[in-house]
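Asker: I'd like to ask you about the structure that follows.
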Amino acid sequence: MAQFSVLGKPLVNVQLYGHVTGTTQYIDDISFPGMLWIKAVRSPVPRGVIKKIDTKDAERLPGVVKIITAKDVPNNLHVNMAVVGIGPPDEPVLPDKEVNYKGEVICLVVARDEETALKATQLVNVEIEELPPVLDMEEALKPSSPKIKPWNSNTFTFGSGMDGATTPGGQGRPYFLIKRGNVDEAFKKARHIVEGSYLVPPIEHAPIEPHVCVVKPEADGKLTIYTATQAPYFVRDNVATILNMPPSKIRVVSPAVGGGFGGKVDPEFEMMVAVAAMTVKKPVKWRWTREEEFTVSTTRPAVKIEIQDAISGDGLILGRKARLLHDAGAYSRTSPYGVIKACFNLSGPYHIPNVEYRGYCVFTNRQPSSAMRGYGVFEVSFAVELQMEKNAKTIGMDPFEFRFKNAYRNNQISASGKLIDDAYIIETMKEAAALAGINLPAHLLSMSSQG
């Protein structure tokens, strides 16, 4: 390894010294002279029509500088994944007509300090006509369910191909589809049909540093955004679109994320802070409380996966049908992308020649969901491996043997049409068994992913 400068050499993470000595700069450490603070007035109900926002009492409170409402936002829609061609912009920066989840921001109070801003939020009078919420994915799919989207459906409309989505209400399907071979014929030939249903609940990321953002208008008309984000370019492009500014005039700085795990991928609140800063022409800071982090930040989505497997007498999976429900919450954000990724992984690392996978991106009146550690892959891997265990038990075969028989080999074709040329699942399982102290039989040890 002498010829390599990195490979095979012990390296020290350059961030460690700052972390252990307390010198790492986090977003909450950032402050500027004359900086103002933000607090939010949030919806007390999961769904309703906004009838009135009365800010007079709050505006009279000493120290309050400005109440920011929808009318202060130049372009009042998040764009999120729409900037890369997936999903429509369907979420307002600040709502002007209705709220769609409990805790959704209705307006912002900008004040000279955090305490004054918080006190002022309690003086804003918001009248909301509460509507029946949709809180369950199966209920959301029923024709009789209240429609929480303007396109008269509680599902996202996917395009007919495997490459993305169309505008809701346009041509397409209410689910993302992967179909290969003749799955109905596979089920006719099967010796065994095994069904399983798996549910992954929503999970909060719980980062050590909550969402924090400081936005500073610069003297030359540019904007500097200091934020705990995992996706600075998402932030920049969203803010540029919402403020009608060239992206070149926006600088995003994230010196240390403070923990994210996927929960700081979506631009959730930077657009609001940017609007406030440009409105008051001063640096503005917003730091979420731990309660806000738990109750309104994005979560891992709740996902329900139903699998049916057609299995031959000698233990080969001939075909698989799967139905996946992904709870997007109230708005799209990155959920359509998560559904696409999930569907591509519904075979796991196994060769299943005949498949039909349908993935639904379902809207409910819950806080929006997004990425968390292996977005679209973790929840599917969990379900697939439990299904493999169930399959093996049902047909009376050792779980290792069942997996070895069905594992991808090179030169096979995946469910999505990809030629497999890098399969190492058999070799990986051999190593895993050895590390676990499991003695595999000789006929399994002789197998290879090479063919």
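The values are calculated or read from the model by the stated rules, or taken from the named source; none is laboratory data. All values reported here derive from a predicted model rather than from experimental measurement. We place every Cβ from the backbone using ideal geometry, glycine too, and count neighbours over all the protein chains shown.
Asker: Give the stretch 407-440 a look and list any residue that's farther than 20 Å from Met388 by Cα and charged (D, E, K, R), or say none.
Answerer: Answer for the stretch 407-440, where residues must be farther than 20 Å from Met388 by Cα and charged (D, E, K, R): Lys418, Asp421, Asp422.
Asker: Does Ala383 satisfy the criteria of being within 30 Å of the chain's Cα centre (by Cα), surrounded by 14 or more Cβ atoms within 10 Å (Cβ to Cβ), on the phi < 0 side of the Ramachandran plot and not β-branched (Val, Ile, Thr)? Explain how you work it out, then say what you get.
Answerer: Working: within 30 Å of the chain's Cα centre (by Cα): yes; surrounded by 14 or more Cβ atoms within 10 Å (Cβ to Cβ): yes; on the phi < 0 side of the Ramachandran plot: yes; not β-branched (Val, Ile, Thr): yes.
Answer is yes for this residue.
Asker: Based on what the data block shows, is Thr428 over 30 Å from Lys264 (Cα atoms), without any contact (Cβ under 8 Å) to a residue 24 or more places away in the chain and either surrounded by fewer than 16 Cβ atoms within 10 Å (Cβ to Cβ) or of a type in the set (Val, Ile, Thr) (or both)? Please lay out each step first, then the result.
Answerer: Details: over 30 Å from Lys264 (Cα atoms): yes; without any contact (Cβ under 8 Å) to a residue 24 or more places away in the chain: yes; either surrounded by fewer than 16 Cβ atoms within 10 Å (Cβ to Cβ) or of a type in the set (Val, Ile, Thr) (or both): yes.
When the stated conditions are applied, Thr428 passes them.
Asker: Test Val377 against the stated conditions and say whether it is under 21 Å from Lys418 (Cβ atoms), β-branched (Val, Ile, Thr), surrounded by fewer than 24 Cβ atoms within 10 Å (Cβ to Cβ) and without any contact (Cβ under 8 Å) to a residue 60 or more places away in the chain. First the steps, then the outcome.
Answerer: On the way: under 21 Å from Lys418 (Cβ atoms): yes; β-branched (Val, Ile, Thr): yes; surrounded by fewer than 24 Cβ atoms within 10 Å (Cβ to Cβ): yes; without any contact (Cβ under 8 Å) to a residue 60 or more places away in the chain: yes.
Considered against the rule, which asks whether it is under 21 Å from Lys418 (Cβ atoms), β-branched (Val, Ile, Thr), surrounded by fewer than 24 Cβ atoms within 10 Å (Cβ to Cβ) and without any contact (Cβ under 8 Å) to a residue 60 or more places away in the chain, Val377 comes out as yes.
Asker: Of everything in the stretch 380-398, what is basic (Lys, Arg) and touching a residue at least 40 places away in the same chain (Cβ under 8 Å)? Give them in sequence order. Spell out how you get there, then give the answer.
Answerer: At the first step, the residues of the stretch 380-398 found to be basic (Lys, Arg) are 390, 393.
Listed by number, the list holds a single entry, Lys390.
Asker: In the stretch 51-90, what residues are of a type in the set (A, V, I, L, M, F, W, C), closer than 25 Å to Thr289 by Cα and touching a strand residue (DSSP E or B) at 6+ places or on another chain (Cβ under 9 Å)? Spell out how you get there, then give the answer.
Answerer: We begin by selecting, within the stretch 51-90, every residue of a type in the set (A, V, I, L, M, F, W, C); these are 53, 58, 61, 64-65, 67-68, 70, 73, 77, 79, 81-84, 86.
After this cut, where a residue has to be closer than 25 Å to Thr289 by Cα as well, the list is 53, 58, 61, 64-65, 67-68, 70, 73, 77.
The answer is Ile53, Ala58, Leu61, Val64, Val65, Ile67, Ile68, Ala70.
Asker: Moving on. Any residue at all in the stretch 70-86 that is at pLDDT 90 or above and surrounded by fewer than 13 Cβ atoms within 10 Å (Cβ to Cβ)? Spell out the reasoning first.
Answerer: Of all residues in the stretch 70-86, those at pLDDT 90 or above come to 70-77.
Restricting the remaining residues to those that are surrounded by fewer than 13 Cβ atoms within 10 Å (Cβ to Cβ) gives 71, 74.
Yes: one or more hits.
Asker: Of these, Thr116, Thr167, which one is assigned to a loop (DSSP other than H, G, I, E, B), in contact with a Pro (Cβ under 8 Å, 6 or more places away or on another chain) and either modelled with pLDDT of 95 or more or surrounded by fewer than 20 Cβ atoms within 10 Å (Cβ to Cβ) (or both)?
Answerer: Details: Thr116 fails: assigned to a loop (DSSP other than H, G, I, E, B).
None of the other options fit; the residue is Thr167.
Asker: Collect the residues in the stretch 393-451 that are in a helix (DSSP H, G or I) and aromatic (Phe, Trp, Tyr), keeping them in residue-number order. I'd like the intermediate steps shown before the answer.
Answerer: Restricting attention to the stretch 393-451, the residues satisfying the condition of being in a helix (DSSP H, G or I) are 393-395, 399-406, 425-435, 442-445.
Selection gives Phe400, Phe402, Phe404.
Asker: Still on this structure, I have one more. Filter the stretch 315-335 down to the residues that are under 20 Å from Tyr408 (Cβ atoms) and touching a residue at least 40 places away in the same chain (Cβ under 8 Å), then identify the one that is surrounded by the fewest Cβ atoms within 10 Å (Cβ to Cβ). Walk me through how you get there before you give the answer.
Answerer: At the first step, the residues of the stretch 315-335 found to be under 20 Å from Tyr408 (Cβ atoms) are 315-322.
From what is left, the residues that are touching a residue at least 40 places away in the same chain (Cβ under 8 Å) are 315-321.
Values: Gly315: 19, Leu316: 17, Ile317: 26, Leu318: 21, Gly319: 26, Arg320: 27, Lys321: 21.
Checked the stretch 315-335; the qualifying residue surrounded by the fewest Cβ atoms within 10 Å (Cβ to Cβ) is Leu316.
Asker: Right, next: Pairs only if they're at least six apart or on different chains, beta carbon under 8 angstrom, first in the stretch 29-46 and closer than 12 Å to Val65 by Cα, second surrounded by fewer than 13 Cβ atoms within 10 Å (Cβ to Cβ) and among the acidic types (Asp, Glu); list them, first residue then second.
Answerer: Taking only residues 6 or more apart or on different chains, the pairs are Trp37/Asp113.
Asker: Same structure again: Of all the residues that make up the stretch 262-317, how many are of a type in the set (Val, Ile, Thr) and under 26 Å from the mean Cα position of the chain (by Cα)?
Answerer: Here is the first cut: in the stretch 262-317, the residues of a type in the set (Val, Ile, Thr) are 265, 273, 275, 279-280, 284, 289, 295-296, 298-299, 303, 305, 307, 311, 317.
If we keep only those that are under 26 Å from the mean Cα position of the chain (by Cα) as well, we get 265, 273, 275, 289, 295-296, 298-299, 303, 305, 307.
Matching residues across the stretch 262-317 total 11.
Asker: Oh, and also: In this structure, is Asp266 outside the structural domain of Lys39 (by TED's automatic domain parsing) and either at pLDDT below 95 or of a type in the set (D, E, K, R) (or both)? Working first, answer last.
Answerer: Numbers: outside the structural domain of Lys39 (by TED's automatic domain parsing): no; either at pLDDT below 95 or of a type in the set (D, E, K, R) (or both): yes.
For Asp266, the condition - outside the structural domain of Lys39 (by TED's automatic domain parsing) and either at pLDDT below 95 or of a type in the set (D, E, K, R) (or both) - is not met.
Asker: Criterion first (at positive phi, out of contact with any Pro (no Cβ under 8 Å at 6 or more places or on another chain) and either modelled with pLDDT under 95 or surrounded by 10 or more Cβ atoms within 10 Å (Cβ to Cβ) (or both)) does Gly18 satisfy it?
Answerer: Working: at positive phi: no; out of contact with any Pro (no Cβ under 8 Å at 6 or more places or on another chain): yes; either modelled with pLDDT under 95 or surrounded by 10 or more Cβ atoms within 10 Å (Cβ to Cβ) (or both): yes.
No, not satisfied.
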